[in-house]
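The values are calculated or read from the model by the stated rules, or taken from the named source; none is laboratory data. Computed from a predicted structure; not experimentally measured. With ideal geometry, Cβ positions are generated from the backbone for all residues, glycine too; neighbour counts draw on all protein chains shown. Protein only, heavy atoms only, side chains kept; ligands, DNA and RNA dropped before computing areas. Shrake-Rupley method; radii C 1.70, N 1.55, O 1.52, S 1.80 Å.
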Amino acid sequence: MRILVVEDEVTLGGYLRRGLEAEGFAVDLAEDGEQGLWLATEIEYDLVILDIMLPKRNGYLVCADLRAAERWMPILMLTAKDGEHDEAEGLDTGADDYLTKPFSFVVLLARIRALLRRTVHERPAVLAAGDLVLDPARRVVRRCEADIELTPREYALLEYLMRHPDVVLSKTRIIEHVWDWRYEGGPNIVEVYVGQLRRKIDAPFGRCALKTVRGAGYLLAADGG
Ligand code: CA
């Protein structure tokens, strides 16, 4: 696994490189934000460790630029700041995790392993399954260029399904993610909403993207059915 460390403190950068190399990682070191951004754009790193306070381009901007350039590798932010707003800003710009200096190298390694376990997949702003498109920012759903009107709950269900294409989702799991704790009914409510969704996103277009997997749950076909 190849890791890019973007860190302007020479001592810390060298320490990280040696430590990570000793663990078997291939490590590149960038000493400012511009160099880090350039390297991470040119090379397919498996993970980036990114300081926030950097010369030339700060870590927030580097992170946002990488996501805008459709670079989806895990990004772990490393910083001396420890305010909750800084943490939120880091995550909002697309970082996956956050570690405050001074940190334990053992904990850093554990975080890196956890991030590498996650599959790296695209996390685009607009979700698509074939010609079925959902834009979370605009709350718009379309199929074959036609707008589809959904109730808020139908929309939430579809968004959850589209964020997990080709994955069988149980009723219980769907309930946990689409309904809040105030919902006191049983899991069969999911059946009702799946039926409603099919009548809007599939039936009018002659598709069957939203499939029932008998005894297991539901699945939205990544190709849109
Ligand atoms: Ca720094």
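Less than 17 Å from a label point 7 Å out along the Cα-to-Cβ axis of A114: which backbone N atoms in region 15-50 qualify, by residue?
Inside the label zone: 47-50.
Working out 0.36 nm times the residue gap between I43 and F103, then minus their Cα-Cα distance, what length gain in nm do you get to one decimal? Walk me through the numbers on the way to the answer.
Values: separation 60, 0.36 × 60 = 21.60 nm, distance 2.70 nm.
Fully extending the segment from I43 to F103 adds 18.9 nm.
So if I restrict to the alpha-carbon atoms in the chain, what is the Rg, and what is Dmax, the biggest pairwise distance, in Å?
Rg then Dmax for the chain, in Å: 21.3, 63.
Using only DSSP helix segments of four residues or longer, with each worth -39500 (n - 2.57), what per-residue ellipticity at 222 nm results for the chain after dividing by its residue count and rounding to 500?
Working: 8 runs with 83 residues, N = 225.
Mean residue ellipticity, 222 nm, calculated: -11000 deg cm²/dmol.
Calculate what fraction, in whole %, of the accessible area of the chain sits on carbon and sulfur atoms when a 1.4 Å probe is rolled over the protein chains.
Values: 6190 of 12090 Å².
Ligands and nucleic acids excluded, carbon and sulfur give 51 percent.
Starting from the Cα gyration tensor of region 2-117, multiply each eigenvalue by 5, take the square root, and state the resulting semi-axes largest first in whole Å.
Numbers: eigenvalues 65, 52, 40 Å².
After diagonalising the Cα gyration tensor, the semi-axes are 18, 16, 14 Å.
For region 124-225, what does the accessible surface come to per residue with a 1.4 Å probe? Please give it in Å². Present the calculation step by step, with values, prior to reporting the outcome.
Values: 5760 Å² over 102 residues.
Using a 1.4 Å probe on heavy atoms only, each residue of region 124-225 averages 56 Å².
So which GluC sites (Glu not before Pro) in region 1-69 are both in a DSSP loop and have at most 11 other Cβ atoms within 10 Å of their Cβ? Please list the in-between numbers first.
Values: sites: E7, E9, E21, E23, E31, E34, E42, E44; in loops: E7, E9, E23, E31, E44.
Listed in order of number, the matching sites are E44.
Of the beta bridges DSSP finds with both residues in the chain, what % are antiparallel, to the nearest 5?
Values: 14 of 31 bridges.
Once the DSSP bridges in the chain are tallied, antiparallel ones form about 45 percent.
Separation between the S170 and C144 pseudo-spin-labels, each 7 Å from Cα along Cα→Cβ, expressed in nm?
For S170 paired with C144, the spin-label model returns 3.7 nm.
Kirkwood Rh, region 127-220, all Cα pairs: how many Å? Let's see the in-between values first.
Numbers: mean 1/r = 0.0743 Å⁻¹.
Hydrodynamic radius (Kirkwood, Cα only) of region 127-220 equals 13.5 Å.
Of G185, A26, L157, which is farthest along the charge dipole of the chain in the positive direction, counting Lys and Arg as +1 and Asp and Glu as -1 at C-beta?
Going by the charge dipole, the pick is G185.
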